[in-house]
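Have a look at the structure below, then the notes.
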Amino acid sequence: MSHLLVIQMLNGVQFGILLFLVAAGLTLVFGVMDFINLAHGVQYMVGAYLAVTFTQLTGGFFTGLLLALPAAFLFGLVLEFLIFRHLYERDHLDQVLATFGVILILHEGVRIVWGAAPISIAIPDAIAGSVPVLGQLRYPLYRLLIIAAGIAVAIGMYILVRHTRTGMLLRAGASNAPMVQALGVDIRRLFMVVFGIGAMLAGFAGAMIAPILSVEPNMGDGILILTFVVIVIGGIGSIKGAFVAALLVGLVDTVGRSFGPILLKVVFDPATASQVGRTLTPMLIYVLMAAILFFRPAGLFPVKQGA
């Protein structure tokens, strides 16, 4: 049981890291630009497809990943230039409707280009094995690399936002964009870069998960919902909040799905416990969100408190 708990906790951290990679870009776009982008999950999907395509073309996963990241960045810039920048001054309802339309268009575009059948790539042989993590307990090396990469991105994003001139401009733009623009800063270009970074981070998450899960249309829809939960829990616009909230959501969701039915067997018979567990455990993250917002309505690390 203890080994199962350790494995599921590591799985939860790995899932939380993927959520953070998607949420980091979205929380910047939402917090800095006050723009609701429902199509952010599509950028996660496109990143996965780009990684698969470039891996197949080059024959190497890491080469494919290095090519997929700038491609995802450029894809984000193209979307921002053609569509999203025309919605910044519109209300949130217009943004929701327009970005939902983008989701439908890109889903159909993916089916046209790559087909509707799931596709996948193999984990490179060099990192396909497992390593000991607790005595004789072993864990897949590739999943550990995902965790390490996510932590590195989190540190880099925190340094960028809190300790660089670009980060200063981002925080100032979030507080008072017209004033920043009056001081000579091209706020539109700044927002465009933010959007590209957000798209690249989402694409990076999709590329990293491609060797583990099947890459298919609509794969970004489910993670988008969880990403908004992460942003709300962590505090809109907060990188630190997104990181902490993503880990919480990943752990609660993964450990809850594994141990919920086991704990329910204390009260119910095995068949009933399994059925009730499948029904109740997906609700745990929303219970977590409600509990946190009851005590901290602005989230764990609201931007005004210096996140």
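The numbers here are math on the coordinates, done by the rules we state, and not lab data. The structure displayed is predicted, hence computed values, not measured ones. Glycine also receives a Cβ, built like all others from the backbone with ideal geometry; neighbour counts cover every protein chain displayed.
At 222 nm, what helix-only mean residue ellipticity would the chain give, in deg cm²/dmol to the nearest 500, using -39500 (n - 2.57) for each DSSP H run of four or more?
Details: 11 runs with 225 residues, N = 307.
Rounded to the nearest 500, the figure is -25500 deg cm²/dmol.
Please compute the length gained on full extension between residue 111 and residue 189, using 0.36 nm multiplied by the number of residues separating them and subtracting their Cα-Cα distance.
Gain on stretching residue 111 to residue 189: 24.9 nm.
Above 13 Å lies some portion of the pair distances; for the range 71-134, what is it as a whole percent of all C-alpha pairs? If you can, show how the numbers build up before the last one.
Details: 1535 of 2016 pairs.
Distances greater than 13 Å cover 76 percent of the Cα pairs.
Taking R0 as 41 Å, what's the FRET efficiency between residue 131 and residue 85 from their Cβ-Cβ distance, rounded to 0.05?
On the way: r = 46 Å, r/R0 = 1.11.
In this case the efficiency is close to 0.35.
Show log10 I(q)/I(0) for the range 2-305 at q = 0.10, 0.13, 0.15 Å⁻¹, two decimals, from a solvent-free Debye sum over equal Cα scatterers.
The computed values of log10 I(q)/I(0) come out as -0.58, -0.97, -1.25.
Highest mean first, what order results for 61-73, 89-101, 279-291, 15-27 on Cβ atoms within 10 Å?
Details: 61-73: 19.7, 89-101: 12.9, 279-291: 14.7, 15-27: 28.2.
With the highest mean Cβ count within 10 Å placed first, the list reads 15-27, 61-73, 279-291, 89-101.
In terms of the ratio Rg/(2.2 N^0.38 Å) built on C-alpha atoms, what value belongs to the range 174-295? Numbers along the way, then the final one.
On the way: Rg = 19.5 Å, N = 122, 2.2 N^0.38 = 13.7 Å.
So the range 174-295 has a normalised radius of gyration of 1.43.
Hey, got the dipole for the range 2-305? About the Cα centre, +1 on K and R Cβ, -1 on D and E Cβ, debye to the nearest 20?
Values: 16 positive and 12 negative charges, 135 e Å.
My answer is approximately 640 debye.
Over the residues of the range 155-227, compute the C-alpha Rg and express it relative to 2.2 N^0.38 Å.
Taking the Cα Rg and dividing by 2.2 N^0.38 Å, one obtains 1.42.
With a Förster radius of 30 Å, plug the Cβ-Cβ distance of residue 271 and residue 141 into 1/(1 + (r/R0)^6) and report the FRET value to the nearest 0.05. It would help to have the intermediate numbers written out before the result.
On the way: r = 37 Å, r/R0 = 1.24.
FRET efficiency, residue 271 to residue 141: 0.20.
For the range 255-302 and the range 62-126, what is the separation of their Cα centres, given in Å?
Their Cα centres are 32 Å away from one another.
Rule-of-thumb check for the range 247-307: C-alpha Rg over 2.2 N^0.38 Å?
1.44
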